[in-house]
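Step one of this worksheet: look at the structure below.
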Amino acid sequence: MVKQVYSSYFITGASSGLGRHLALELAARAAKHNWPLSLALTARRIELLEELKKEITALAPAVRVKTAVLDVTWDDDAIWRVITECHAELGNLHCFVVNAGIAPTARMIGSSDRSFAVERPVLATNLIGAMATTDAAVRYIHENGINKTPEQAHIVGISSFSSLGVTNRSSYSVSKAALERYLDILRMESAGQGIHVTTIIPGYIDTPINQHRPHRPFLITAEAGAVAMANAMTVRGGGAGNALVPWWPWAIMWTVFNWIPKWLYFWYVPRMTKSHEPDQAKRE
């Protein structure tokens, strides 16, 4: 069964990868069921956003689309300004998808081949940028009473199965693990206030952020990943607290990896997460 979509979404990192495919999936659902939909699509690369807007308009002419340049590592006022600009054009924004993220070059802790400097942008984008976006979104929701409307409000953060900890990707793993705890805190702070919080935990989905990796077990297409993500963001039901995407086999593995002895995890994961060093960080 296709799940009801919100009437409006604000998506960061929408120019490629999961953000792009989620926007297309939401537009397709709205067109098929004649649901009203407004999409605020943000990313660093405006030319890719404009291409996506044209694709959405061809697919679903009734969907309203606003594109805006946003680098989540900008100062807090810039993030707030983009949100308010999107509100001014589209009206109330109900669901915020905090998706923008980057993956670093492979680096072992203490490596002399690459300095720690390559880790800083990952933390700045995936953690600080995500927190700043979420903070601005929650402030916007309260100041505009979005949480008191019939649709209420929803914050969706994109984490990763790598948050459990993988070798050669320490900053990425740490950024995603910390984001999960941050969203847990938001879930507690906003309980009963009409603000739902969902943490999406993807396994391997075929997007630019991981296409450099030679070993991607249980890989699914970005289109299939977007369907699963959209299903986890149900209107008023609040979606799942944590949603593994796709559910099989990652939900089973998530449970197992959180319960097995640490020594077994430390033995197994380096053997499972084979990787090589890409030329540069991949972005979504």
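FYI, it's all coordinate maths here, none of it is from the lab. Here the structure is a predicted model, which is why all the values come from computation and not from measurement. Ideal geometry is used to build each Cβ from the backbone, glycine not excepted, and the neighbour counts take in all protein chains shown.
Each residue of the range 189-198 is assigned a 3J(HN,Hα), and the resulting list reads 5, 9, 4, x, 9, x, 10, 8, 10, 10 Hz, derived from the Karplus form 6.51 cos²θ - 1.76 cosθ + 1.60 (θ = phi - 60°), x at Gly and Pro. Against the main long axis of the alpha-carbon atoms of the chain, helix 46-59 sits at an angle near 60°. Calculated FRET efficiency, Leu59 to Arg114, Cβ-Cβ distance, R0 = 45 Å: about 0.60 to the nearest 0.05. For the peptides 260-271, 21-32, residues were scored by their other Cβ atoms within 10 Å and the scores averaged per peptide; the highest-first order is 21-32, 260-271. Amide H contacts under 5 Å for Asn99: Thr12, restricted to partners 5 or more places along the chain or on a different chain, H placed in the peptide plane at 1.01 Å from N.
For the chain, the spread of Cα coordinates along the three principal axes comes to 50, 35, 35 Å, biggest extent given first. Summing charges over neighbours of Ala136, with a neighbour being any other residue whose Cβ is under 13 Å away from its Cβ, gives -4 when K and R count +1 and D and E count -1.
Scoring 48-61, 193-206 by mean Cβ neighbours within 10 Å over their residues and listing the highest first yields 193-206, 48-61.
Between the Cα long axis of helix 76-90 and the first principal axis of the chain there is an angle of about 40°, rounded to the nearest 10. The residue among His196, Ala230, Ile11 whose Cα reaches farthest toward the positive pole of the charge dipole of the chain, with charges on the beta-carbon of Lys, Arg, Asp and Glu, is Ala230. Each residue of the range 95-102 is assigned a 3J(HN,Hα), and the resulting list reads 10, 10, 9, 8, 10, 4, x, 10 Hz, derived from the Karplus form 6.51 cos²θ - 1.76 cosθ + 1.60 (θ = phi - 60°), x at Gly and Pro. Whole-Hz Karplus values for the range 104-115 come out as x, 5, 5, 7, 7, 4, x, 4, 8, 6, 10, 7 Hz, taken residue by residue from phi with 6.51 cos²θ - 1.76 cosθ + 1.60 and θ = phi - 60°; glycine and proline positions read x.
Dipole size of the chain about its Cα centre, with +1 on Lys/Arg Cβ and -1 on Asp/Glu Cβ: approximately 660 debye, rounded to the nearest 20.
Just to be sure I understand: of the beta bridges DSSP finds with both ends in the range 8-283, what percent are antiparallel, rounded to 5? Percentage antiparallel, nearest 5: 5. In this structure, the amide hydrogen of Val197, modeled 1.01 Å from its nitrogen in the peptide plane, lies closer than 5 angstrom to those of Ile155, counting only residues at least 5 positions away or on a different chain.
The count of lysine pairs in the chain with alpha-carbon distances below 27 Å, taking only pairs 8 or more places apart or on different chains, stands at 20.
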